[in-house]
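Laboratory data are not the source of any read-out in this text; all were calculated from the coordinates shown. For clarity, every value in this text was computed on a predicted model and none was experimentally measured. Neighbour counts run over all protein chains shown; Cβ positions are idealised from the backbone, glycine included.
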Amino acid sequence: VFAADEFYVNAFGADTPARIPPASDYGDYDMFEDGIGIVRSYVDEFDEACESGLAARAAEVLAARDLTARYIVGEAMQPFLDAMIANSPLAGRLVPLTVRNDYFGGNVNVTGLLTASDIAPAIKATSEEEEGTHQLFLLPSVIFNDNGVTLDDMTVQDIENAAGAPVSVVSCNPFDYLPEIIKLAQDES
């Protein structure tokens, strides 16, 4: 029997990484797609990215180009992801853009179920509020299906058009999205 990740996030908020069971408790992560073990896996991979220097390298490249990477996430990740990043080399350079899922009534809060109709206005508002700053808006690939559309049938181009800002699709895992961020930042110059 496994408790879903949301159980731990709801109970422990920002302290979730310190309170969630160790990876060994999840076996082979057989229930991963059902939201059991995703947080543990993410926390472990983020910690490894920090320890290996990958996070520091991404922060250096972003700082050298005066860029802030705005990574789109659902509200479920916000309490602990903000705290993890604040205590990492990426503080101030990788800034989650937490999006409320109004499309599904606000009670569905995972990143994979976000829709373009909620993401685009959040990007637009952030872009306008922080006008003059250089930002990379990053969409986790999990919000798109195999046909490249969101749950409300929007493409990356549709999101860019509605947001009035360029966006890039990146992985959901730190070991994959940090190199992608480095490449995107280098391509900005």
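Out of all DSSP beta bridges with both ends in the chain, state the antiparallel percent to the nearest 5.
Details: 0 of 15 bridges.
Approximately 0 percent, going by the DSSP bridge assignments.
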**Prompt:** Using the Cα atoms as the points, what is the convex hull volume per residue of segment 5-46 in Å³?
**Reply:** 63 Å³
**Asked** Using the Cβ atoms and a cut-off under 15 Å, what net charge is assigned to the surroundings of residue 53, where Lys and Arg are +1 and Asp and Glu are -1?
**Response** -3
**Request:** Indicate the helices, whole DSSP H runs only, in the chain that combine a mean Kyte-Doolittle hydropathy of -0.5 or more with a Cα extent along their long axis of 18 angstrom or more.
**Result:** 38-52, 116-129, 174-187
**Those GluC sites (Glu not before Pro) in segment 98-142 that DSSP places in a loop and that have at most 15 other beta carbons within 10 Å** = 130, 131
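Can you give the Kirkwood hydrodynamic radius for segment 122-189, in Å, rounded to one decimal and based on Cα pairs?
Radius from the Kirkwood sum: 12.9 Å.
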**Asked** Quick one: Cα centre-to-centre distance for segment 139-189 and segment 62-77, in angstrom?
**Response** 12 Å
